[in-house]
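Inspection log for the structure reproduced underneath, given as structure tokens.
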Amino acid sequence: MPTISMFYGLIIRMYFAPLEHNPPHIHVYYQELEATFSIQSGDILNGELPKNKIKLIQAWIEIHYEELMANWTLCQNGELPFNIDALK
């Protein structure tokens with residue numbers, strides 16, 4: 001599962017397996033915690049993170065929505081996703 005971005009101690013990854021299960025989502029790791037976020041809504045699908053980190057991820061998803069969806073399409077075709085800029 002390639003890392004597509006890192007910022008503020010958060011590591012964001014996306015699986016690149018053909019026909020990865022929907023909805024489009026990302027996996028976020030912070031210290032020993034892990035959560036999965038919907039790309040479309042920004043909601044946590046499962047897992048947990050500190051509230052301040054959730055807000056950072058949701059802002060990043062909103063800013064990079066189109067890039068994330070393009071990456072999701074690549075991953076659905078078994079292609080590696082590209083890196084996305086960190087939250088600044």
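Against the condition of a type in the set (Ser, Thr, Tyr), surrounded by 13 or more Cβ atoms within 10 Å (Cβ to Cβ) and touching a residue at least 40 places away in the same chain (Cβ under 8 Å), how does residue 65 come out, does it pass?
Here the answer is no, as residue 65 does not meet what is asked.
Based on what the data block shows, is residue 35 assigned to a helix (DSSP H, G or I) and modelled with pLDDT of 95 or more?
no
Scan the range 55-88 residue by residue and report those that are in a helix (DSSP H, G or I), among the polar types (S, T, N, Q) and closer than 21 Å to residue 9 by Cβ.
Answer for the range 55-88, where residues must be in a helix (DSSP H, G or I), among the polar types (S, T, N, Q) and closer than 21 Å to residue 9 by Cβ: just 58.
Could you please find all residues in the range 2-19 being more than 11 Å from the chain's Cα centre (by Cα) and either under 13 Å from residue 68 (Cβ atoms) or surrounded by 17 or more Cβ atoms within 10 Å (Cβ to Cβ) (or both)?
16
Confirm whether residue 22 is assigned to a helix (DSSP H, G or I), free of Cβ contacts under 8 Å to residues at least 12 places away in the same chain and not hydroxyl-bearing (Ser, Thr, Tyr).
For residue 22, the condition - assigned to a helix (DSSP H, G or I), free of Cβ contacts under 8 Å to residues at least 12 places away in the same chain and not hydroxyl-bearing (Ser, Thr, Tyr) - is not met.
Just wondering, is there one or more residues in the range 39-54 that are acidic (Asp, Glu), part of a strand (DSSP E or B) and surrounded by 12 or more Cβ atoms within 10 Å (Cβ to Cβ)?
no
The values are calculated or read from the model by the stated rules, or taken from the named source; none is laboratory data. Predicted model only: the values in this text are computed from it and were never measured. Note that we place each Cβ from the backbone using ideal geometry, even for glycine, and neighbour counts take in every protein chain shown.
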